[in-house]
Amino acid sequence: MSFSPKYLLLVALVLGAFVAPDALAKKFRTDFISLELPPGWDCTKEEIDWVCQPENLAQRSEALVAVVAKSANATDDTFEKYQQVLSEPREMRDLMGNIYRSEIKFVRYRDIKEQKWIDALTFGSEIPGFYTRYIASIKGKVAGLVTYSIAESVYAKWAPILDKMLESMEIHYDPKAFNDSMASGPSSLLGQRSGNTGRFQPSTDVDDKERTQGEGLDMGMLVGLILVAGGIGFYIWKKKKDSQES
C-alpha cells in the first residue's frame, strides 16, 4: 500500500500537533523548583538565583526569567505578607530621572498542580517599560519565587509563552537538599544575600529611606522572597547596558 505525499504530510502535521510541545519543552529543575522552559531558552546560575534567557542573543533584552528559593521565615514568608508587598505600588524613576509609580495589574491566588501560589502582574515595578510577573509559594521549609520581566513592546509576543511555562511550575521540599544547600554555613541563600547588597538595591528606587519602610527591598529587613525580585530589574538594565556598549 502506498500513500501520497499530501497524505503523509497531513499525518505528520497531525502527529506534530500532539508531539511537538512536549518534545520541544525543556525541563529545568533546581533543588526546590521545577518548570518547563520555552524552546530555545536556557538557565545559568547567578549568586543566589537562576536566570533564564533566550539562547538567541538578539532576544535577551526582551525577556528574562528568574528562579529563586530560600529558607522560609515564619514571619516574613507568608502569603499574607507577599500579598501586602505586591499590592503596594512602588515609586520609581524613569530613564530621564522623572518619578513615577508602578502599576499593579492584579494580585491573586491561584492553584498550580494542587499547590497554592500568589500571582501578581505589575508594570514598571523593576525597570521602566517592563511588565513583571511574580509567582511565589511556600512548601515545607522552602519559599520559592519565579519571576518574569518582559519589555512592553514585545509583551504580546512573550507573555503567552511564559504564562504557559508558569503552568508547569512545581515547588519541592527535599529535607536532604535543604540541609545541604540552605541550612549550613556560608553557602546558604541568606548568607549569600546579606553579602551582596548592591545587586539587590537597584538605582531605580527613589531613595533608600522609602525602601526600608516596607517595600520589601531593604537587605537588612530580609522581607522574604519579594526582596529577591528587586535584583531582576537591575539585572535586565545591566544586560541592556552591556549589550549597548559592546
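Throughout, read-outs are computed from the coordinates displayed, never taken from laboratory work. All values derive from a computational prediction rather than experimental measurement. Cβ sites come from the backbone with ideal geometry, for glycine too, and all protein chains shown count toward neighbours.
Our estimate of slack between GLU170 and GLN59, defined as 0.36 nm per intervening residue step minus the Cα-Cα distance, is 37.3 nm. One chain, two ends: GLU88 and LYS157. Fully extended at 0.36 nm per residue, the span grows by 22.1 nm beyond their Cα-Cα distance. Calculated FRET efficiency, LYS116 to MET96, Cβ-Cβ distance, R0 = 41 Å: about 0.50 to the nearest 0.05. All distinct Cα pairs of the range 89-167 go into the 1/r average, and the inverse of that average, the Kirkwood radius, is 13.6 Å. When the pairs LYS27/LYS157; LYS105/LYS176; LYS27/LYS70; LYS26/LYS105; LYS45/LYS105 are compared against a 27 Å limit on Cα-Cα distance, LYS105/LYS176; LYS26/LYS105; LYS45/LYS105 fall above it.
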